[in-house]
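Each reported figure results from applying straightforward, stated rules to the coordinates on display, with no laboratory input. In this text, all values refer to a predicted model and were calculated from it rather than measured experimentally. A quick note on method: Cβ atoms are made from the backbone with ideal geometry, for glycine too, and the neighbour counts reach across all protein chains shown.
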Amino acid sequence: MRNAMITGWGKCVPPAVLSNADLETLTDTNDEWITTRTGIKERRISHVEVSDLSAVAAQHALAAAGLTATDLDLILLATCTADRAVPSAATMVQAKIGATNAAAMDVNAACSGFLFALSVADQMIRAGGAQRVLVIGAEKLSFFLDFTNRSTCVLFGDGAGAVVLEASDESGGLLAFELGSDGTAGDLLCITGSGTEGNPMRTLPPGILMEGPDVFRRAVTAMGDASTRVLAKAGLALDEVDLLIPHQANVRIIDATARRLSLDPARVFVNIASYGNTSAATIPIALTEAVEEGRIRPGANIVFAAFGGGFTWAAAVFRWGSRTTPITTSAAQLPPSTATALELLAPNIALHGKGI
Ligand code: ACO
């Protein structure tokens, strides 16, 4: 049986930290509201683009897998904040890491994008269309932050995570997945000024619009129900789940999803306090940290669940292989920067103004 196993993992978060106290200087909010309503304490603001964050995460994932970039035959980059519409950020990563034998493309399913890309990679490998696939989730959502909109500007941050998926005879891999979309409700969560609509007059400035409470309810239902269905598809009982790694949008969404599944919070991975919502990057960053922190044992059953703009949702059951330590490490890092988060956000403030 040809399976696809995760053999490498890596992340890249930019150095500039935007704290809740910093946000108090930009909009009408406070640390107490953000902490209790979202679980977020700080997030990262990037001085580089999505392809740069991705290339560093990718090099760490390749080193962990003991591979070089030329070993790859496919790169899938899940993002909704690519450097440009064309070329894709995935092809920019291909050039940056020297993956000369790989085809490359972006996947946009907003916050669910990494699980969409992981599922495509798994199916490509099982069908024999690829041997070694790099799957990245990366975002620079800070570009769209509008500090006159306090209900969204406190939520998002930048970062990247990556995994290497390899064809293997080892048992395990993606036991089941489920992907879903509902485009009829897309306006409840959207990024304006990011495409062609309205652009002859440049009437739509960059910004994130969201009907928060509605999205909240839909996220809990979709992530909980999709997780229940993939567990049934995989033939796994709840007590066989070692770790749930959910999309990190709001700690209250994560808690409510775990309650809906009747899953012990000790078996849920949460790192939203440090990074906020990095959309497609949350799950691969969380997975990398979970491996590094020893939260994943050989043969562990991991459930992933995500919900995001589109709407899109996804859940997957993945059984880890035998190796939980990297084969080698990489010294790859971002170009140095001493700019503070507030300095990096000056263009946003110039465009929209402050919220106070
Ligand atoms: N600071 C202080 N007060 C605030 C803030 C803020 N940053 N933001 C909103 N408030 C106020 C509101 O104005 C409102 O005040 P009012 O009662 O006087 O009118 C009050 O807080 C409650 O507002 P709600 O929007 O009802 O707050 P809620 O508890 O729902 O939290 C939040 C809002 C955090 C946005 C939540 O709804 C949420 O997390 N939604 C889902 C986000 C998500 O999952 N997104 C999906 C992925 S994103 C993607 O795909 C790109």
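With Cα atoms as the point set, the stretch 21-157 shows a radius of gyration and Dmax of 17.4, 54 Å. Ordering 177-184, 136-143, 54-61, 22-29 by mean Cβ neighbour count within 10 Å, with the highest value first, yields 136-143, 54-61, 22-29, 177-184. When the P(r) of the stretch 92-160 is calculated, the portion above 14 Å amounts to 68% of the C-alpha pairs. The calculated P(r) of the stretch 147-201, using every Cα pair and 10 Å bins from 0, goes 12, 25, 32, 20, 9, 1 in percent. When only alpha carbons are used to place a centre, the stretch 205-256 and the stretch 127-196 end up 14 Å from one another.
Can you compute the equivalent ellipsoid semi-axes for the stretch 207-345, i.e. the square root of 5 times each eigenvalue of the Cα gyration tensor, sorted largest first and rounded to whole Å?
26, 23, 12
Straight-line reach from K11: taking Cα to Cα under 20 Å and skipping same-chain neighbours fewer than 8 places apart, the lysines in range are K41, K96, K140.
Report the charge-dipole magnitude of the stretch 152-240 in Debye, nearest 20, computed about the Cα centre from +1 at each Lys and Arg Cβ and -1 at each Asp and Glu Cβ. Walk me through the numbers on the way to the answer.
Values: 5 positive and 13 negative charges, 78 e Å.
It works out to roughly 380 debye.
When H352, H247, H47 are arranged by Cβ crowding within 10 Å, least crowded first, meaning fewest neighbours, the order is H352, H47, H247. Considering only P206, A219, A185, the residue lying farthest towards the positive end of the dipole of the stretch 169-233 is P206, judged by Cα position with unit charges set on Cβ.
What the Cα convex hull of the stretch 272-356 gives, in volume per residue, is 165 Å³. I'd like to know which of A266, L236, A300 lies farthest towards the positive end of the charge dipole of the stretch 180-322, counting +1 on Cβ of Lys and Arg and -1 on Cβ of Asp and Glu. Ranked along the dipole, the leading option is L236. Length gained on full extension, R252 to L204, computed as 0.36 nm times the residue gap minus the Cα-Cα distance: 14.2 nm. Normalising by residue count, the stretch 1-95 has a Cα convex hull of 157 Å³ per residue. The trypsin sites (Lys or Arg not before Pro) found in the stretch 1-83 that occupy coil by DSSP, while having at most 15 further C-beta atoms within 10 Å, are R2. Over all projection directions, the Cα-based convex hull of the chain averages an area of 16.6 nm².
Based on Cα contacts under 8 Å between residues 6+ apart, the stretch 219-328 shows a relative contact order of 35 percent.
For the chain, the longest principal axis of the alpha carbon atoms and the long axis of helix 282-292 meet at an angle near 50°. When the chain is described by a simple charge dipole with +1 on each Lys and Arg Cβ and -1 on each Asp and Glu Cβ, the residue from L18, A63, L344 located farthest towards its positive end is A63. Only beta bridges with both residues in the chain are counted; by DSSP, about 70 percent of them are antiparallel. Looking at the stretch 270-356, the GluC sites (Glu not before Pro) that sit in a DSSP loop and have at most 16 other Cβ atoms within 10 Å of their own Cβ are E293. Computed about the Cα centre, the dipole magnitude for the stretch 76-201 is approximately 320 debye when only Lys and Arg (+1) and Asp and Glu (-1) carry charge, each at its Cβ.
Remark: the chain carries a charge dipole of roughly 300 debye about the Cα centre, counting +1 on each Lys and Arg Cβ and -1 on each Asp and Glu Cβ.
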